[in-house]
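The values are calculated or read from the model by the stated rules, or taken from the named source; none is laboratory data. Quick caveat, the model's predicted, so the values are computed rather than measured. Because the Cβ atoms are built from the backbone with ideal geometry, glycine has one as well, and the counts that use them run over all protein chains shown.
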Amino acid sequence: MGVDYLCCNKCEDTFADCGYYVGCPCGNDWCSDKCAKAEGFREEIDEETQETIDDSGTCNFCRNDDFPDWELFKFTQGLLGKSREELVELYKENKGNVKTATISKGEYEGLLESQHFLNCLEAMGVDNWEGYGDACEMSEEEE
C-alpha cells in the first residue's frame, strides 16, 4: 500500500492522501475544509437526523457555478478571436501599461493594522462573527 500526494485545488499545497483532506466526486481535492469551502464545497444534510449524507458533497465546479481557469481562457480566447500566440504578444506589448493604484502611507498602515487584526482572529480560530466577541476578549486578556 503506497501513499499518493495530491495538490490542493485552491492553494496548490501538496498533501498526502493518507492524511485528512476533502475530496469531491468530480476529482477536485483540497488540503483543508477552509480551501474546500472557498471553492463552494458543501455536503447535503439529512433534514430528519441533521447528519451529513455520505458522498453528497459537491463543489462550484460540479454544479457549474464556476469553471477552471483553462476553460475560461479557452472561452475568452474564442471571444477575442485570437490565438494563444497572439495573446502572448498582446500581453508583452501591454505588460508595462498595467495601472497601479496609489494610496497614502496612512491608508496603507491602516490596511496593515486591519490585516494584522484579522490574522490574530484567524489564529484564535475565529472564522465567523459568532466567535468575534470571544476572540476580542481573549486578545485583551493576553495583552
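Annotation: of all residues in region 101-143 being modelled with pLDDT under 70 and not in a helix (DSSP H, G or I), the one that is nearest to ASP33 (Cα to Cα) is ASP127.
Only one of the numbered conditions (1) farther than 26 Å from ALA123 by Cβ; (2) of a type in the set (Ser, Thr, Tyr); (3) surrounded by fewer than 14 Cβ atoms within 10 Å (Cβ to Cβ) is violated by THR58, and that is (3).
Out of curiosity, is THR52 surrounded by fewer than 15 Cβ atoms within 10 Å (Cβ to Cβ) and at pLDDT 90 or above? So THR52 fails the test.
Would you confirm, using the coordinates I've provided, whether GLU39 is within 14 Å of the chain's Cα centre (by Cα), acidic (Asp, Glu) and closer than 30 Å to ALA123 by Cβ? Yes: the conditions hold for GLU39. In the set (1) among the hydrophobic types (A, V, I, L, M, F, W, C); (2) part of a helix (DSSP H, G or I); (3) surrounded by 12 or more Cβ atoms within 10 Å (Cβ to Cβ), PHE67 fails one condition alone, (2).
Taking region 10-46 as the range and being in contact with a helix residue (DSSP H, G or I) (Cβ under 7 Å, 6 or more places away or on another chain) and closer than 18 Å to ASP65 by Cα as the test, the residues that pass are LYS10, TRP30.
If only residues of region 70-100 that are aliphatic (A, V, I, L, M) and either surrounded by 10 or more Cβ atoms within 10 Å (Cβ to Cβ) or in a loop (DSSP other than H, G, I, E, B) (or both) are counted, the one that is modelled with the lowest pLDDT is VAL98. I'd like the residue in region 10-44 that is part of a helix (DSSP H, G or I) and free of Cβ contacts under 8 Å to residues at least 24 places away in the same chain and, out of all such residues, is surrounded by the most Cβ atoms within 10 Å (Cβ to Cβ). Among those residues, the one meeting the criterion is LYS37.
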